[in-house]
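Worksheet for the structure shown next.
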Amino acid sequence: MNFDDTPQEADFRARAAAWIANNAPFELGPELDVSGFGHLHLHSVDRIAAAKAWQKKKFDAGWAALRWPREYGGAGASPIEQVIWSEEEGVFGKLSGPFNIGFGMCGPTVMAWASEEQKRHLLPRLAAGEDIWCQLFSEPVAGSDLAGIRTKAVQDGDPGSEAGAGDWIINGQKIWTSGARDADWGLLITRTDPTVLKHRGLTMFFLDMKSPGVEIRPIWQMNEESVFNEVYFTDVRIPDAQRLGEVGQGWTVALTTLMNERMSIGGSMPTGFPQLLDLCTQIETENGPAIDDPRVRSQLARFAVRASGLQYSAFRSISALSRGEQPGPENSIGKLVAGAMMQDIARFALDLEGEAGLLQDKELAPDRARFQEMLLRSPATRIEGGSDEVLRNIIAERVLGLPADIRADKDVPFDQIPTAASAKR
Amino acid sequence: MQFDFSDDQKELRDGVRRLLDQRCPISVVRAVADGEAGHSAELWREIGESGFLAAAVPEQYGGVGAGYLELCLVAQELGRSLAPLPTVSSVYQASEALLIAGSDAQKAAWLPRLASGAAIGTVALAERPGETTPGAIAATVRGGKLSGVKIPVADGIAADLAIVLAKDEAGGQSLFLADLGAAGVTREGVKTIDPTRKHARLSFADTPVEPLGAAGQGWALLDRVRDRAAVLTAFEQIGGAEAALFMARDYALQRFAFGRQIGSFQAIKHMLADMYVALELARSNCYYGAWALSVDSDTLPAAAASARVAATQAYQLCSANTIQVHGGMGFTWEFDCHLHYRRSNYLALALGGASLWESRLIAAIRPRAA
């Protein structure tokens, strides 16, 4: 048990800190500091341009994609060095927002399943901030039941096809695609055989988001933003070379993505606790600052131990990773705890603010409406990337060894599984 | 950074677990619950001889000088097995108070005996309902003689030594060391919510005592003792929480209703998942507390309070929900669920209750005025 840096880690930290001090876009610091969570907000500059510039700078100096192998544009660093880097990068880490899905989910999937040539082409471009990736998984009828997706991929079997023999032709719709409008590439799961069991008829591809037939429609969210999108596919062609894994092996490939998603989302999730602690020292009550009120203290302490528990749990995972252990389902607790916590903290903060807690105007609301934005964003956190309920199932089944749910679609070919439509007939 | 126990430490933990599996089956816990004795003397002797209790005591005072990390893991196993032993009072508090505040003579006189289990120490603090604060202390020492009543005192029936917080002649509050074999000590067993670790009322009538630590520093010293004891107690709490969680898990796998294992219902699965989450958050806080304790970090007050608050919550949740999962059978004396429920609620109050530790935590982490 040791929290101190080893001499090697201390050296890494010193080099990282020195490089950041000389290279970070400090002019964006104040804006980044107040940028909400879950989505990068910048007003003085284009956020994608700013994100790409910082990523490129890091890449050129060898600080990008730290844990990836060097041949794929990474730095071959250890998990602990990655943590040290994040600590030193601080607020500038928010600039990685547009690349998070690439680094956290799509990149690792490409690394595990693509050809060597593809990896050497795609991964360094991602590391250098040249490409942005999105994840095309969820559909209107397939959220928690992800394997129930219906987007169809049919191979062009005409040997004389002018468009490209052996290409896959995609038709269907994805939804909740974060950052689709900024994305160059998408990781796409499709159904290639509806006559076999649900999990067996799936195939994974990666797709050029500028392909003809791809139409992206922003979703206007309840929090007055449009980060999520719908993506429609009309006869979109994907070369067979862009298939990841075998035909019918898509679910196995998706599990690579989902496992990395859990690690990537849960480990780095903000909770709003440090900001709440500050608020409690600033808000005045009749008996002095709110933090001196025993009821406030009690609730604050309960948030505090959840926040520190999450942080130290991440350290435990990192330590396990650095010993060569694989990230397991126990990492599901990160997002499960952080999501509900953001919502609870937002409500608690608004309560402390009194009627001024109603104000959402940044110029008028306490703390530039930070907690109001959190209140309105947090419902999504509890759903995206595995809902609270799915995460509890994962913990119960995969960690505690409880039986899987009894499924009505077990042993039923996909095209015979009951749906809302079939129920009406 | 390496945020885990070492292989050697885990081996020690496994050794303690094996010993307790053999020597502390639930029948030993129940014998104490059903009997008059405040703890299992036989188990205490055995654990004492093994040296596990002395993990953090320096060798010059009869300890094994291993360290606090080792003692934390011992505590976790004692909690898991519901060990009916005076650990919180004697090992985590009295020994630590002597280490922090004792004179060489006091340490030499008591620590070797506490480390081996030959003697039992306790801390006598509370006198009346409500959080114990300076205004709640009436016990007084005049001319080296203590008078007053302390209730409830953990392991007060069997203890050989009490560390007592009392008013001193200068008007301050100080710690005093009372040999309970001395004149003027009356002990009376009191019924508490956890009969596997019994308590007493201790009355002192002109009992000779000696000061422990500097005069007027009673609360400051007690705070330091409590920070250390909080980490160690928190490990007992997560050990107990884990045992309660797996007791519920095993029952959910074995019990059938509506033609299926009740563990296949999401209502049960999600309850168990929440118990697991609370336990793991507490465990992570406890690991940090263990580290802070082992290196005597400046962050110990915050780390100890975090471990304490999280572990109290986790054990209370797990022990309450294990009864819920067991249904009506969980409410019987025969099933073991209530032993965890009782223990979790006793440990929640030992060292001061949840609200006290919540307040201590915020005091430790609040941003300082610029």
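A few notes on this one:
- Amide H contacts of B:Gln217 (H built 1.01 Å from N, under 5 Å, at least 5 apart or other chain): B:Leu175
- Here B:His270, B:His326 are placed in order of increasing Cβ neighbour count within 10 Å, fewest first, which gives B:His270, B:His326.
- Leading residue at positive end of dipole, the stretch B:219-365 (Cβ point charges), from B:Gly328, B:Cys318, B:Ala303: B:Gly328
- Gyration tensor verdict on the stretch A:50-197 (Cα atoms; rounded if a/c is under 1.5, prolate if a/b is larger than b/c, oblate otherwise): prolate
- The angle separating the long axis of helix A:250-267 from the principal Cα axis of greatest extent in chain A is about 10 degrees.
- Alpha-carbon centroids, the stretch B:239-280 and the stretch B:1-33: separation in whole Å: 23
- Lysines whose Cα lies under 20 Å from that of A:Lys335, excluding same-chain neighbours fewer than 8 positions away: A:Lys94, B:Lys269
- Under the Karplus curve 6.51 cos²θ - 1.76 cosθ + 1.60, θ = phi - 60°, whole-Hz ³J(HN,Hα) for the stretch B:269-282, x wherever Gly or Pro sits: 4, 6, 5, 5, 4, 5, 5, 4, 4, 4, 5, 5, 4, 5
- Contour excess over end-to-end distance, with Cα ends at A:Thr195 and A:Asn287 and 0.36 nm allotted per residue: 26.2 nm
- Nearest-20 debye value, the stretch A:133-253 charge dipole, Cβ charges on Lys, Arg, Asp, Glu: 340
- Cα centre as origin, Lys/Arg/Asp/Glu Cβ charges: the stretch B:164-214 dipole, Debye: 380
- Long pairs among A:Lys174/A:Lys410; A:Lys56/A:Lys174; B:Lys145/B:Lys167; A:Lys152/A:Lys198; A:Lys57/A:Lys362, criterion Cα-Cα beyond 21 Å: A:Lys174/A:Lys410; A:Lys56/A:Lys174; A:Lys57/A:Lys362
- The calculated FRET efficiency for B:Ala136 paired with A:Gln311, based on their beta-carbon distance and R0 = 25 Å, is about 0.10.
- Selected from B:Phe258, B:Met275, B:Ala138, residue furthest toward positive end of dipole (chain B; charges at beta carbon): B:Phe258
- Proximity of backbone amide H atoms, modeled 1.01 Å from N, is registered between B:His199 and B:Asp155, B:Val190, B:Thr192 at under 5 Å, excluding neighbours fewer than 5 places apart on the same chain.
- Note on the stretch A:57-104 and the stretch A:357-372: Cα centroid distance 33 Å, given to the nearest whole angstrom.
- A simple spin-label model places the labels of A:Ala408 and B:Trp333 4.9 nm from each other, with each point 7 Å out along Cα-to-Cβ.
- The shape of the protein assembly as shown comes out prolate: with a ≥ b ≥ c from the C-alpha gyration tensor, a/c is at least 1.5 and a/b beats b/c.
- Gyration tensor (alpha-carbon) shape descriptor, chain B, a/c threshold 1.5: prolate
- For A:Leu375, net neighbour charge (Lys/Arg +1, Asp/Glu -1) across residues whose Cβ lies under 12 Å away: -1
- Applying the Karplus relation 6.51 cos²θ - 1.76 cosθ + 1.60 with θ = phi - 60° to the stretch A:304-311 yields 3J(HN,Hα) values of 4, 6, 6, 5, 5, x, 5, 4 Hz, where x marks Gly and Pro.
- When the Gaussian network model of chain B links Cα atoms closer than 10 Å, the mean-square fluctuations of B:Ala108, B:Ala267, B:Ala33 top out at B:Ala267.
- The spacing between the stretch A:1-56 and the stretch A:306-349, judged by their C-alpha centroids, is 22 Å.
- Its DSSP H runs of at least 4 residues, each contributing -39,500 (n - 2.57), put the calculated 222 nm mean residue ellipticity of chain A at -12500 deg cm²/dmol, to the nearest 500.
- Rounded to the nearest 20, the size of the Cβ-charge dipole of the stretch A:269-399 about its Cα centre is 640 debye, with Lys and Arg at +1 and Asp and Glu at -1.
- Selected from A:Ile406, A:Pro418, A:Ala380, residue furthest toward positive end of dipole (the stretch A:380-425; charges at beta carbon): A:Pro418
- On the basis of the beta-carbon distance and an R0 of 45 Å, B:Glu188 and A:Asp33 show a calculated FRET efficiency of 0.15.
- The HN-Hα couplings worked out from phi for the stretch B:83-89 by the Karplus form 6.51 cos²θ - 1.76 cosθ + 1.60 (θ = phi - 60°) are 3, x, 9, x, 6, 4, 6 Hz, whole numbers, x standing for Gly and Pro.
- As a proxy for reagent exposure, ranking A:Leu358, A:Leu66 by other Cβ atoms within 10 Å from fewest up yields A:Leu358, A:Leu66.
- Sorted by Cβ neighbour density within 10 Å, fewest at the top, the residues A:Tyr232, B:Tyr288, B:Tyr61: A:Tyr232, B:Tyr61, B:Tyr288
Rule-based calculations on the coordinates, nothing more; no lab input. Fair warning: this is a prediction, and the values are worked out from it, not measured in the lab. With ideal geometry, Cβ positions are generated from the backbone for all residues, glycine too; neighbour counts draw on all protein chains shown.
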